[in-house]
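Here is the structure we will look at.
All of the numbers you see were taken from the coordinates with simple rules; none came from a lab. Every value quoted in this text rests on a predicted model; they were computed, and no experiment measured them. Cβ coordinates were reconstructed from backbone atoms using ideal geometry, including for glycine residues, and neighbour counts include every protein chain displayed.
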Amino acid sequence: MGLSLLTEDENAIRDAIHDLVRETIAKTSAEFDRLQKFPRENIELLGKQGYLGMIVDPEFGGGGASYLAQTLVVEAIAAADPATAVIYEVHNSLHIEAIWRYGTPEQKSRYLPDLCRGLAIGAFAITEAHAGSNAAALHCRAVRTGDRYILTGRKMFITSAGEADRYLVFATLDPALGEKGITAFLVDKNAAGLSFGAPEDKMGIRASRTSELILDQVEVPLDQRIGAEGQGYKIALYLLDGGRIGIAAQSVGIMSTALDRSLAYARQREQFGDTIGHYQGVQWRLADMATDLHAARMMTYEAARRREEGPSQRPLFAMAKLFASEKAVQHAADAIQIFGGYGYMREYGVERLLRDAKVTEIYEGTSEMMRLIIASRLLKNYDLDNI
């Protein structure tokens, strides 16, 4: 049954992706998590089925769909496999979108078709050891030499590092310039001087590889710069706005699974002669889970609808991520509590929800940063009545 707030096309996409996820991605999710296996075949499948580059014009291989349609896909994937969801989200919201919005016509023609078909995977590299939340404090250097740039530095916590075929790397032309020196570059995986650290041993989303990216005098041709010199910081902030909508959708997907599994268990698990769903303590948890899921979903969909308004709605994007991610963590823990001792065991699949949910409060902007974004705009008279 479709949702009335979605268009006919969006409802059709929502139904189709749920079917695809259930029939394919969901079946390998637990195994990939256990083995820490990068789900490349999932990304390839999503490309073949037309779910990559959904907002990109069909001329360049995309679907020409709405941003909300792409958000629906993230949510559906995350309900079954949050690791695939974040790979998908970075590939689309942070890599493809950079080329689509800021690339030259030649760059779009050269890169977007393979990215939209799943023949290449894209990554996003901005975080450094001393420049996490403070993205303007990058140490990675780019020195122009004729018709190319030489990049040197290290990036950390990079999703798909070592697996992706191309990286959107942010480096500074001059640290003294601060954010005005930051510039964006496309770096090929096989570029001389580019290497990767060992995969991080993470708490959750274990099928999504996270590694250090090391640039040692990497030559990048001029035609692989995205945007103008010094435009990188503005580009990064714009892309991260969309990324935060994606992480909100990932959180919603996790929450929906927490509720579904908790309801099923509450209906069949018996204690003291009745199902545990009969008891108020469980009922209230379920009621709160359903209420917060609905609220998070509506906030996320509204943020996706207003994506094209850009930075003017940055607090709205931050609100969606803040609320959805924190509620995902809360209700993943509730699911474990409802399952009791069984919830603590991997066999039942709810302990993973908490492991996977926690990082949504951290990556693409911590909850603390989301609150700073919201509060700073409020203090500048952001009009909540017109959101």
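For the residues 308, 106, 128, a GNM of the chain with alpha-carbon springs under 10 Å puts the largest fluctuation on 106. Ranked for footprinting exposure by Cβ neighbours inside 10 Å, fewest first, 91, 130 give 130, 91. The length gained by stretching the chain between residue 45 and residue 134 to full extension, at 0.36 nm per residue less their Cα-Cα distance, is 28.5 nm.
Across the range 196-206, rounded Karplus estimates of 3J(HN,Hα) from the backbone phi angles (6.51 cos²θ - 1.76 cosθ + 1.60, θ = phi - 60°) give 9, x, 5, x, 5, 8, 9, 5, x, 5, 6 Hz, Gly and Pro being marked x. For the range 1-79, trypsin sites (Lys or Arg not before Pro) are listed when DSSP marks them as loop and at most 11 other Cβ atoms sit within 10 Å of their Cβ; the list is empty. Test of the criteria: in the range 217-294, which trypsin sites (Lys or Arg not before Pro) are in a DSSP loop and have at most 16 other Cβ atoms within 10 angstrom of their Cβ? Sites meeting the loop and neighbour criteria: 269. Count Lys and Arg as plus one, Asp and Glu as minus one, and take only other residues whose Cβ is under 12 Å from that of residue 345; the net charge is then 0.
Over all pairs of different C-alpha atoms, the range 133-277 has a mean inverse distance whose reciprocal, the Kirkwood radius, equals 17.8 Å. The 3J(HN,Hα) values that the Karplus relation (6.51, -1.76, 1.60; θ = phi - 60°) gives for the range 108-121 are, in residue order, 4, 5, 6, 9, 5, x, 5, 5, 6, 8, x, 7, 9, 10 Hz. Gly and Pro appear as x. In this Cβ point-charge picture (+1 for Lys and Arg, -1 for Asp and Glu), the chain has a dipole of about 520 debye about its Cα centre. For residue 271 and residue 198, the difference between the fully extended length at 0.36 nm per residue and the C-alpha to C-alpha distance is 21.6 nm. Here the range 1-103 yields Rg over Rh of 0.97, to two decimals, using C-alpha coordinates and the Kirkwood radius. Sparsely packed loop sites in the range 307-387 (the trypsin sites (Lys or Arg not before Pro) outside DSSP H, G, I, E and B with at most 16 other Cβ atoms within 10 Å) comprise 380. In the range 233-386, taking the dipole from charged Cβ atoms about the Cα centre, the farthest positive-side position among 360, 373, 237 is held by 237. Using only the alpha carbons of the range 295-350, what is the convex hull's orientation-averaged projected area in square nanometres? For the Cα atoms of the range 295-350, the hull's average projected area reads 4.4 nm². Highest GNM mean-square fluctuation, the chain, Cα pairs closer than 10 Å: which of 177, 45, 353? Between 177, 45, 353, it is 177 that shows the largest mean-square fluctuation. Residue order for 84, 24, 127, fewest other beta carbons within 10 angstrom first, comes to 24, 127, 84. Classified by the C-alpha gyration tensor, the range 201-257 has an oblate form. Its axis ratio a/c, with a ≥ b ≥ c, is 1.5 or above, and a/b does not exceed b/c.
Among 146, 343, 193, the residue with the largest mean-square fluctuation in a Gaussian network model of the chain, with springs joining Cα atoms closer than 10 Å, is 146.
Per-residue ellipticity at 222 nm from helix content only, as computed over the chain with -39500 (n - 2.57) for each DSSP H run of at least four residues, stands at -15500 deg cm²/dmol. Among the listed pairs 155/234; 202/321; 27/327; 48/108; 27/189; 108/234, those with a Cα-Cα distance over 28 Å are 27/189. Going toward the positive end of the dipole of the chain, with +1 on Lys and Arg Cβ and -1 on Asp and Glu Cβ, which of 66, 196, 287 do you reach last? Positive-end residue among those listed: 196.
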